[in-house]
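**Q** Attaching a single structure in structure tokens format; questions to follow.
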Amino acid sequence: MISEIQIYVACLAAYNNGILHGEWIDATQSLDDMKVAVKSMLVASPIEDAEEYAIHDHEGFEGCSIGEYSSLETVHEFASFIEEHGEIAHDLLAYFSGCTEEASKALEDSYLGEYDSVENYARELTESCYTIPNILEFYIDYESMVRDMEMSGDIFTIGSGNGIAVFCNH
């Protein structure tokens, strides 16, 4: 289960004066609402005319690179993708170095399914294409088939909540 997707935004003027002042902000709300929440946090700062903030913590972004000065746009984009696609989104964003466009494209165009193991994918693929006589089924080396598929670039895999997600490379 995915935890809440949120960031802790701190007022830098307060922080630089030894005062901890900040707020947890839901990153799945609209970008405009996130900006309003940051502005409200800065207005409530114990330091007058505070303008600058930094992201000091985050939750629910496993696999994503959220830095102290990541833009709210980037944070919102990651959060929206994770909220829409669930646990697989974390691994896809890590695999594609935070590029939500490439991760979305992989889900739409290349996703072959989730399996207990990649060998089970190879078995299902083989059995859907061929009728294998019982006498031969023990001679098929699915582990080697998978190794060849991965080494040739035909597929790539990512770990996912309950197994392995398999994607084809176009």
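The values are calculated or read from the model by the stated rules, or taken from the named source; none is laboratory data. Remember, predicted model here, so these are calculated numbers, not experimental data. Cβ coordinates were reconstructed from backbone atoms using ideal geometry, including for glycine residues, and neighbour counts include every protein chain displayed.
**Q** From the list I66, I88, which residue is of a type outside the set (K, R), more than 11 Å from the chain's Cα centre (by Cα) and either modelled with pLDDT under 95 or assigned by TED's automatic domain parsing to the domain that holds L125 (or both)? Please lay out each step first, then the result.
**A** Working: I88 fails: more than 11 Å from the chain's Cα centre (by Cα).
Among I66, I88, only I66 is of a type outside the set (K, R), more than 11 Å from the chain's Cα centre (by Cα) and either modelled with pLDDT under 95 or assigned by TED's automatic domain parsing to the domain that holds L125 (or both).
**Q** Considering only region 60-73, state which residues are in contact (Cβ under 8 Å) with a residue 24 or more places away in the chain and surrounded by 15 or more Cβ atoms within 10 Å (Cβ to Cβ). Give the steps one after another, and end with the answer.
**A** First, pick out the residues of region 60-73 that are in contact (Cβ under 8 Å) with a residue 24 or more places away in the chain: 60-66, 72-73.
Within region 60-73, G60, F61, E62, G63, C64, I66, L72 meet the criteria.
Residue-wise test of (1) among the aromatic types (F, W, Y); (2) within 30 Å of H58 (Cβ to Cβ).
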{"site": "D91", "(1), (2)": "no, yes"}
{"site": "S104", "(1), (2)": "no, yes"}
{"site": "Y111", "(1), (2)": "yes, yes"}
{"site": "E119", "(1), (2)": "no, no"}
{"site": "T126", "(1), (2)": "no, no"}
{"site": "F138", "(1), (2)": "yes, no"}
{"site": "E143", "(1), (2)": "no, no"}
{"site": "M151", "(1), (2)": "no, no"}
{"site": "F156", "(1), (2)": "yes, yes"}
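**Q** Now for a different question. When both residues are 6+ apart or on different chains and their Cβ atoms are under 6 Å apart, which pairs have a first residue that lies in region 7-26 and is touching a residue at least 24 places away in the same chain (Cβ under 8 Å), and a second that is part of a strand (DSSP E or B) and loosely packed, with under 14 Cβ neighbours inside 10 Å?
**A** Qualifying pairs under 6 Å: Y8/D57.
**Q** With the structure loaded, tell me whether E73 is acidic (D, E), under 30 Å from S30 (Cβ atoms) and in the same structural domain as D26 (by TED's automatic domain parsing) or whether it fails that test.
**A** Values: acidic (D, E): yes; under 30 Å from S30 (Cβ atoms): yes; in the same structural domain as D26 (by TED's automatic domain parsing): yes.
Spelling it out, E73 is indeed acidic (D, E), under 30 Å from S30 (Cβ atoms) and in the same structural domain as D26 (by TED's automatic domain parsing).
**Q** If I filter region 151-161 down to residues being touching a strand residue (DSSP E or B) at 6+ places or on another chain (Cβ under 7 Å) and in contact (Cβ under 8 Å) with a residue 24 or more places away in the chain, which single residue comes out as surrounded by the fewest Cβ atoms within 10 Å (Cβ to Cβ)? Don't jump to the end; show me each part of the working.
**A** So the first thing to find is which residues in region 151-161 are touching a strand residue (DSSP E or B) at 6+ places or on another chain (Cβ under 7 Å), and the list is 154-158, 160.
Okay, now just the ones that are also in contact (Cβ under 8 Å) with a residue 24 or more places away in the chain, so 155-158, 160.
Values: I155: 19, F156: 15, T157: 21, I158: 18, S160: 18.
Within region 151-161, the match that is surrounded by the fewest Cβ atoms within 10 Å (Cβ to Cβ) is F156.
**Q** How many residues does region 118-137 hold that are modelled with pLDDT of 90 or more and not in a loop (DSSP other than H, G, I, E, B)?
**A** Looking only at that region, the number is 12.
**Q** Can you name the helices (runs of 4 or more DSSP H) wholly within region 1-104 that have at least 1 residues being farther than 29 Å from N169 by Cβ and of a type in the set (K, R)? Break it down stepwise before answering.
**A** Numbers: elements: 12-16, 31-43, 72-85, 87-95.
Because the criterion is at least 1 residues that are farther than 29 Å from N169 by Cβ and of a type in the set (K, R), the helices (runs of 4 or more DSSP H) in region 1-104 that meet it are 31-43.
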